[in-house]
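Notes follow the structure.
Just so you know, all these numbers are worked out from the coordinates, no wet-lab data involved. None of these values were measured; they are calculated from a predicted model. Cβ placement follows ideal geometry from the backbone for every residue including glycine, while neighbour counts extend to all protein chains displayed.
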Amino acid sequence: MDKDLPLHIAFLTYRGKKTVGGQGVYTRQLTKAITDLGHSVEVFSGPEWPETDPRVRLHALPSLDFYNEKHPLRLPRPHQLKTRGDWVEFGKFLTGQFPEPLAFSVRARDALLPRINEFDLVQDNQSMGSGLLGIQRAGLPVLGTIHHPTTVDRRLELEAAETWRERFFKNRWYSFTDMQTRVAGKLSRVLTVSQNSVADIHRDHGVPLDRLQVVPVGVDQELFRPLPEVTPKKGRLVTTASADAAMKGLKYLLEALAMLRRDRDVDLVVIGKLRPDGPAARTIKDLGIEGAVKFVKGVSDQRLIEIFNEAQVGVVPSLYEGFSLPAVELMCCGVPLVATTGGALPEVVGPDGETALLVEPGNSEALAQRIGAALDDQDLRERIRWAGRQRVLERWTWKHSALGTVEQYRALLEESAEIEARRPGGRQAAPRFRALAGS
């Protein structure tokens, strides 16, 4: 197989929101970097659509979009149920399950099968829907990507549930993780972003270790940078967090903020959306810190960098992270970082006291203590901010991610060629892949 032959990749992401969340960033930056290496990528996405490089074609796969912010939970009319994916999404929604990963994978399968000879392989970004197995059975190799197993979200949400009714509905909502376990176990190669995620995927999804490969994500080092013209505001903290996801640990940061405000002037900017009736809003009200917390969403990239640079300290309070783009983005901006040891964070941000300040997850008092130490010690902030930025510059670039991902593409094609060679007279691979394997 020619190692220099340009590849044609179908990249699947069941959602790719532009303004918040790692999936949209991963999709935009990785597909751009892979294109920079000379390959061609077409993105198949459900709403919200990702922003892609002009060279990367976006193939939009419309859905019933039950969780659209403007019209949430709107039921479709009968004439709107046009495809198999629509019926799957509608049926799962009616039973209280999260329908997007399965419904998207069905739509992606139906879109890809008529064009199977146009691609060398498929990379799926986190959906792990059953439709992937149909694509694989049709002869097109599939590389699965799991940033971290959603089973962790499920476990933490159930632990945070306050009533049996809440636990019941959350358990039903997360039932799609059983499908993801089944699908992940049937893919010959699964990509993830950290050694911590390898251990968790192996434990929760049962994927053999020899099928799991690590390619870390990156950061746009030209965009995320220190801004000398921006002076950090005294007492300003910043975090990026989904306000009502238990895994992100915002509750503990809010409690730490209330403790810090007993003897100092400190405030917090949260990059994310606050749901007025959600747990975060209730916590803010109970703690009496309404005037000290500001939520920001939908800002431009340039304004986001300015917000980061306006902070004296960045905080990642997560109970668990499979990698943490917010952490490396803050570090790349030269913002002194306080982070928990949840999941892969120590692996990503580096040694405690050298490139970041680390604290155990779920401990508000310890979090307040480390943030306070950073706010009180300018020399400490200066030391870890530049050491943290240097760590990111040396390790986490999208070019590195693209090179590692393409290496996994080649390995998948080699494995698939060997399987094809051992299958005389049996199921045949897609014509383009057969030609590639024989080159």
Review point. What GluC sites (Glu not before Pro) does region 164-229 have in DSSP loop regions with at most 12 other beta carbons within 10 Å?
Key: Glu222, Glu229
Check your understanding: Of the cross-linked pairs Lys17/Lys399; Lys32/Lys248; Lys294/Lys399, which ones have a Cα-Cα span greater than 30 Å in the structure shown?
Key -> Lys294/Lys399
Study note, to complete from the structure: Taking 0.36 nm per residue of separation between Leu5 and Lys399 and subtracting their Cα-Cα distance, the length gained on full extension comes to 140.0 nm
**Study point:** Cβ crowding within 10 Å averaged over residues, with 50-58, 104-112 ranked highest first
**Key:** 104-112, 50-58
Study note, to complete from the structure: Given the candidates Leu7, Pro228, Ser364, the one whose Cα lies deepest towards the positive end of the charge dipole of the chain, counting +1 at each Lys or Arg C-beta and -1 at each Asp or Glu C-beta, is Leu7
Check your understanding: Put a dot 7 Å past each Cα toward the Cβ at Glu415 and Asn171; how far apart are the dots in nm?
Key -> 3.4
Point to revise | Residues Ile305, Ile284 arranged by fewest to most Cβ contacts within 10 Å | key: Ile305, Ile284
Practice item. Can you put Ile201, Ile9 in order of Cβ neighbours within 10 angstrom, beginning with the fewest? Key: Ile9, Ile201
Point to revise | Linear extension gain, Glu159 paired with Arg77, 0.36 nm per residue minus alpha-carbon span | key: 25.8 nm
Practice item. In debye, nearest 20, what is the charge dipole magnitude of the chain about its Cα centre with +1 on Lys and Arg Cβ and -1 on Asp and Glu Cβ, if you could check? Key: 1320
Practice item. Sum up the charges of everything whose Cβ sits under 13 Å from the Cβ of Asp153, counting Lys and Arg as +1 and Asp and Glu as -1, but leave Asp153 out. Key: -2
Practice item. Can you tell me the FRET efficiency between Trp386 and Lys297 if r is taken as the Cβ-Cβ distance and R0 is 22 Å, rounded to the nearest 0.05? Key: 0.15
Study note, to complete from the structure: Contact order relative to length for the chain, counting C-alpha pairs under 8 Å separated by 6 or more residues, stands in percent at 16
Exercise for review: Mind giving me the nanometre distance, one decimal, between the label points for Lys70 and Val230, set 7 Å out from Cα along Cα→Cβ?
Suggested key: 3.0
